[in-house]
Structures are given as structure tokens and as C-alpha cells.
Amino acid sequence: MKNEFASLKLDPLLIKNLQDLNFKAMTPVQAEALPHVLEGKDVLAQAKTGSGKTAAFGLGILNTLDVNLLRPQSLILCPTRELAEQVAKEVRTLARAMANVRVLTLCGGSAKYHQQKSLEHGAHILVGTPGRVLKLLREKSIETKHIKSFVLDEADKMLEMGFHTEIINISSFIPKKRQSLLFSATFPENIDKLSKDVLVEPVDVRVDTGHDSGTIEQILFKVKGHPDKFDGLMKILGFANPERCIVFCKTKQISDEVARFLNKNGVVSQAIHGDLEQNERTVTLTKFANKSLSVLVATDVAARGLDIKELDAVINFDLPSDPEQYIHRVGRTGRAGETGKAYGMYIDKEMYKVEAIEDLNGLQIPLKEMIKLPNKAYELTPAMKTIYVGGGKKNKLRPGDLLGALVHEAELAPESIGKITVLNILSYVAIQREFADQAVNKLSNGKIKNRKFKVGLA
């Protein structure tokens, strides 16, 4: 099978756009799944975040889309709002050569009323989380009769979060004559059950889901018990000296405890898990992405689907019970050919986890005594701070407007300004730490696009 997109029966507009985006060879999951997707078959595919799976189903959806029919024709379900927004963004990018393709996100944490009004104006592709989508379906806010493709993305995580019943209920609203596509990083037993409930005679696609472990330095340190992990974490941070890293914990409670401990010891960190309000999650992830937050302490569910680049290290405060989950965690570092760092801690009774990880990884992970790791002072203050501006897309603000105001009104040098993120009603800007207060003071007393906006530290 050829691995070039041009070899597929794709709309020429899509192929031209892929060329413009510099998409050359297909990834393994695209090469295996996309031909079947384009033939209209149901597909059950194993693929992890970052494998190119969004294009595998997104191109199939767009290839059969009737742009002239402004009605929902595809429904994509994702486990989290962050992943849904990421998928929607990627689909819009894939569709940019087509005329006026409308992609709408339907997630909890945003006002349902606004989503209902957007649905009234029409959309081609819906991307959402199961809880909010089901609620809108029950309230008859979503027209379903034209839906011809149903996608479950990160299905294992949706099941892990307890969404099996919701998915089945959503499926019952959609026409039986449709194409159903299920993508999952792992294939536990409940995936097989879900597949039988939703898919019809699916093509089974399995690609190598492992990470190139050779590009990752992996070490596991032995500790006596759970309480010793906190001092052990500081030792590992002193040893690894990362600018940014993710610390994985097994529960929300432990994540909060670790974040409090790190902040108390001079490491700027924030926990992320399902109990956070949506605005808190957004601010936390924005700050981590723009390098004004050093350490993200996360559970697996909270971190799933996050597209975080240039991650110096991954630290397993708690080893996962599922060895595949370990592979997914450490695969977040060492991307794009760079050497990554993945460290973790274990106690004696967890040796079975270590052995399972080694068996799956296909290599022996160096095991060391934590007690032999030297104590190195480690305090990490990020180079950047994040400021917020009380306006966004709905106020017709663009990144260039904020950049211009920061340079001219706040008198900052362009090189002191980092990543600019413009959301619907808020914007965030990373500023070099020493200039953040100046930026807040000047913009609070000045104007952006000839208007005054509330400005402060995020």
C-alpha cells in the first residue's frame, strides 16, 4: 500500500490542502485505517494521541461532506473538553481548502444556551463530550437525520470515565444507516463490548502503539514507602533539572498533595484533574503551554489528549497498574527525535508493575536506590508570567492587536512577549516575569484597539 495521500480516493481540494500543510507520507494508522474509512466501512482502530488518528477519521468525514447542506452530518465524541477542542481545530485545518465548513464544539463547562443558539444557525460537524451531547440530543437541540458518520475518539478513556451508557444512548439517536469509527489507545474488554454495541462488521486496525523507547532515558528509583516519595520527587527534580515536566499521580487527592508540596518547596506547580472548574483547567493548561508554569501534576484522565510539546521530563510519582499507560505517559517526552527523560518511583511490592512495564517495553529499565541519589537544591521559577485581558474573539480581538498594544502601550520589547492565546471572551499572554507587572499597569491604564479592557495577572 502506498503511503502517500495522493494515492487515495480523496477530493482534490483535500489533497491540495494536505500538500500545502506539508503532509507528505501517511502515519501507520492513517495508512492502515484511511483506505477503509474512505470506502465507508466501520473501523475499530488502535491508535494513541499523536499518531495522526484525527486525520484518519477527519479526512474520511470531509471527503463525503455536503457543504451545501448546513446540517449536522458527522458527530465526534471525545472524553474531555480539551481533546474535543483540539480535534475540532485539526478538522478545521484539514477543511480549510473547502468552502465554509462549520465545525461546532459541544462540551460541558460552556453555557448550553450559547451552544443551542449556535446549533440553530447550523453546523456540518459536531465535536463534543458525551454528557453535553446527550443532554442536547434529549432536548432536541441537535438535528440527527443527516448524520452519516459517528466517531468515538479515545474510547478507552471515555469508558474509564464511566460514559458507556451515554455513548449507547447517543448512538440510539443517530440513524442506523451510518459509518461508525472507534479509535482507542488500548483494547480492554469493555472496548470489545462497546464495539459490538456500536459498530457493524468493523475492520480491525492495529498499529504499533509503542514509543521509540530508545530516545527516552528511563530510570526507576526504589523508595521504602509512599511518604518517602515526596522527598524522592525533589531529588529526581534536582537530578533531571527540567524546565517543564509532568508528574503523574494515581488519584486526584495525591495530585493535590504533590502540587501543594512542590509549591511549598519553591517549584511553581499546579494540579489538574476532573474536580477543577473548566476555567481553572483552561488557565492551568494555558500557563503550562506558554511556559509560565513549571510542573503540571496530573492524573491520566486529566492529561489524556493534551497536546504539550517540548516536555523535558515525565515523572511517575505513582506507577500505573496498566503497563500500556506507562508507555503513553513516557511517550510525551522525547518527541520529534529529541532525547526525553522519564523517571519514576516504586516500592518493593510494586515489582510486578515494573516487570510488566519491562515486558511491554521490550527493554530493561535501570533500577536504582533513591537513597543513593544526591540531594540537589531545586527551585524552579518559570521565566514567564501570564497576564489576562478581559476580551477575546467575541470582542474582535486578535493576537496581533494584543502584540501591538504590548509593544506600543506597555512599551515592551517584542522578545519579552511569549505565546498569545485568544479565547472567546478572554485572552492570555505570556510575558517575561520581570515585565509582567509593567504590562498589567500600562494596559490597565491604556487601550487595546481604542477600547479599555480589564487586565491582570492570571
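Label-to-label distance, Asp275 versus Thr144, with points set 7 angstrom from Cα along the beta-carbon direction: 3.5 nm. Within a Cβ distance under 9 Å of Ile448, other residues only, what is the Lys/Arg minus Asp/Glu net charge? Local net charge: +2.
Converting phi to 3J(HN,Hα) with the Karplus coefficients 6.51, -1.76 and 1.60 and the offset θ = phi - 60°, the stretch 136-146 yields 5, 5, 5, 8, 6, 8, 10, 7, 10, 5, 9 Hz in sequence order, with x at every glycine or proline.
This model, with +1 at the C-beta of Lys and Arg and -1 at the C-beta of Asp and Glu, gives the stretch 213-372 a dipole about its Cα centre of some 380 debye. Adding -39500 (n - 2.57) for every DSSP H run of four residues or longer, then dividing by how many residues the chain holds, sets the calculated 222 nm ellipticity at -11000 deg cm²/dmol.
Can you sort Val200, Val268 from fewest to most other Cβ atoms within 10 Å of each residue's own Cβ?
Working: Val200 13, Val268 17.
Neighbour counts put them in this order, fewest first: Val200, Val268.
Dipole check for the chain: with +1 at the C-beta of Lys and Arg, -1 at the C-beta of Asp and Glu, and the Cα centre as origin, the magnitude is about 1820 Debye. Residue order for Asp153, Asp231, Asp66, fewest other beta carbons within 10 angstrom first, comes to Asp66, Asp231, Asp153. Amide H to amide H, with H built 1.01 Å from N, Ala47 comes under 5 Å of Ser184, Ala185, counting only residues 5 or more places away or on other chains. Among Thr339, Thr333, a tally of other beta-carbon atoms within 10 Å of each Cβ gives an order, fewest to most, of Thr339, Thr333. From the list (1) 26; (2) 17; (3) 66, can you say which value of percent of Cα pairs over 39 Å apart was derived from the structure given? Given (1) 26; (2) 17; (3) 66, the calculated one carries the label (1). With a cut-off of 15 Å, note down the residues of the stretch 151-179 whose backbone N falls inside the zone around a label point 7 Å from the Cα of Met98 toward its beta carbon. Within reach of a label on Met98: 151, 179. Here's how it looks for Val267: its modeled amide H is under 5 Å from those of Leu380, which are all 5 or more places away or on a different chain.
Whole-Hz Karplus values for the stretch 414-421 come out as x, 5, 8, 10, x, 5, 10, 10 Hz, taken residue by residue from phi with 6.51 cos²θ - 1.76 cosθ + 1.60 and θ = phi - 60°; glycine and proline positions read x.
Return a whole-number percent for the relative contact order of the chain, with Cα pairs under 8 Å and 6 or more residues apart as the contact set.
On the way: 855 pairs, mean separation 63.1, N = 458.
With pairs under 8 Å counted, the relative contact order is 14 percent.
Between Glu369 and Ser444, residue separation times 0.36 nm minus the direct Cα-Cα distance comes to 21.7 nm. Measuring between their Cα centroids, the stretch 1-73 and the stretch 151-189 lie 20 Å from each other. Computed from backbone phi with θ = phi - 60° and the Karplus coefficients 6.51, -1.76 and 1.60, the 3J(HN,Hα) list for the stretch 130-135 is x, x, 5, 4, 4, 4 Hz; x is used for glycine and proline.
How big is the antiparallel share of DSSP beta bridges in the chain, given as a percent to the nearest 5?
Values: 15 of 66 bridges.
Roughly 25 percent of the DSSP beta bridges within the chain come out antiparallel.
Under 5 Å from the amide H of Gln179 lie the amide H atoms of Ser149, Phe150, each residue being 5 or more positions distant or on a separate chain, with H modelled from the backbone and absent for Pro and chain starts.
Bear in mind that the values in this text are calculations on the coordinates, not laboratory data. Predicted, not measured: the structure shown is a model, and the values here were computed from it. Methodologically, a virtual Cβ is constructed for each residue, glycine included, from the backbone with ideal geometry; neighbour enumeration extends over all protein chains shown.
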